[in-house]
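A.B. asks: I'd like to ask you about the structure that follows.
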Amino acid sequence: MARREFPHFEAVSAMVPAQGGGYHAAIAVKALNLGGAPRFHKVLDGQLFKSALAADEAACAELGRLQGVSEAGELLF
């Protein structure tokens, strides 16, 4: 798991279980210093990973490419 902080938001690498097995790489975004649940954004559309570790590793790489998070909490590449 990797974490990056941006103005007003934090982003964390994650994985999301896929229907039928496997995992999607994802980035979870949450407002800094506020309560509430994070919002998960699937990344690398169309790619399914066999293990949660592989999905998280792919998400870590995408987190490194991330340029920021918009005011609405959307990923900016």
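A short reminder: the numbers here are calculations on the coordinates, not readings from a lab. Bear in mind that the values here come from a model prediction, so they are computed numbers and not experimental data. So basically every Cβ, Gly included, is an ideal-geometry build from the backbone, and we count neighbours across all protein chains shown.
A.B. asks: Could you tally the net charge around Ile27, taking each other residue with its Cβ under 14 Å from the Cβ of Ile27, Lys/Arg +1 and Asp/Glu -1?
C.D. replies: That works out to -1.
A.B. asks: Would you mind ranking Glu5, Glu10 so that the residue whose beta carbon has the fewest other beta carbons within 10 Å leads the list?
C.D. replies: So the ranking, lowest neighbour count to highest, is Glu5, Glu10.
A.B. asks: Another question about this same structure. With an 8 Å cut-off on Cα pairs and a minimum separation of 6 or more residues, tell me the relative contact order of the chain in percent.
C.D. replies: 30
A.B. asks: Moving on. Counting other beta carbons within 10 Å of each Cβ, put Asp45, Asp56 in order, fewest first.
C.D. replies: Asp45, Asp56
A.B. asks: Relative to the longest principal Cα axis of the chain, at what angle does helix 52-65 sit, 0 to 90 degrees, rounded to 10?
C.D. replies: The two axes meet at around 40 degrees.
A.B. asks: With label points built 7 Å along Cα→Cβ from the Cα atoms of Val16 and Lys50, find their separation and express it in nm.
C.D. replies: 2.4
A.B. asks: Fewest Cβ neighbours within 10 Å first, please rank Glu74, Glu57 accordingly.
C.D. replies: Glu74, Glu57
A.B. asks: Right, something else. On full extension of the chain, what length is gained from Leu76 through Arg39, given 0.36 nm per residue of separation minus the C-alpha to C-alpha distance?
C.D. replies: 11.9 nm
A.B. asks: Follow-up question, since we're still on this one. Give, as a single signed number, the net charge of other residues whose beta carbon lies under 14 Å from the beta carbon of Leu75, with Lys and Arg counted +1 and Asp and Glu -1.
C.D. replies: 0
A.B. asks: While we're looking at this one, here's another question. Placing +1 at every Lys and Arg Cβ and -1 at every Asp and Glu Cβ, with all other atoms neutral, what dipole size does the chain have around its Cα centre, in debye to the nearest 20?
C.D. replies: Once rounded to the nearest 20, the dipole reads 120 debye.
A.B. asks: From the P(r) of segment 3-71, could you give the percentage of C-alpha pairs in the tail past 17 Å?
C.D. replies: 39
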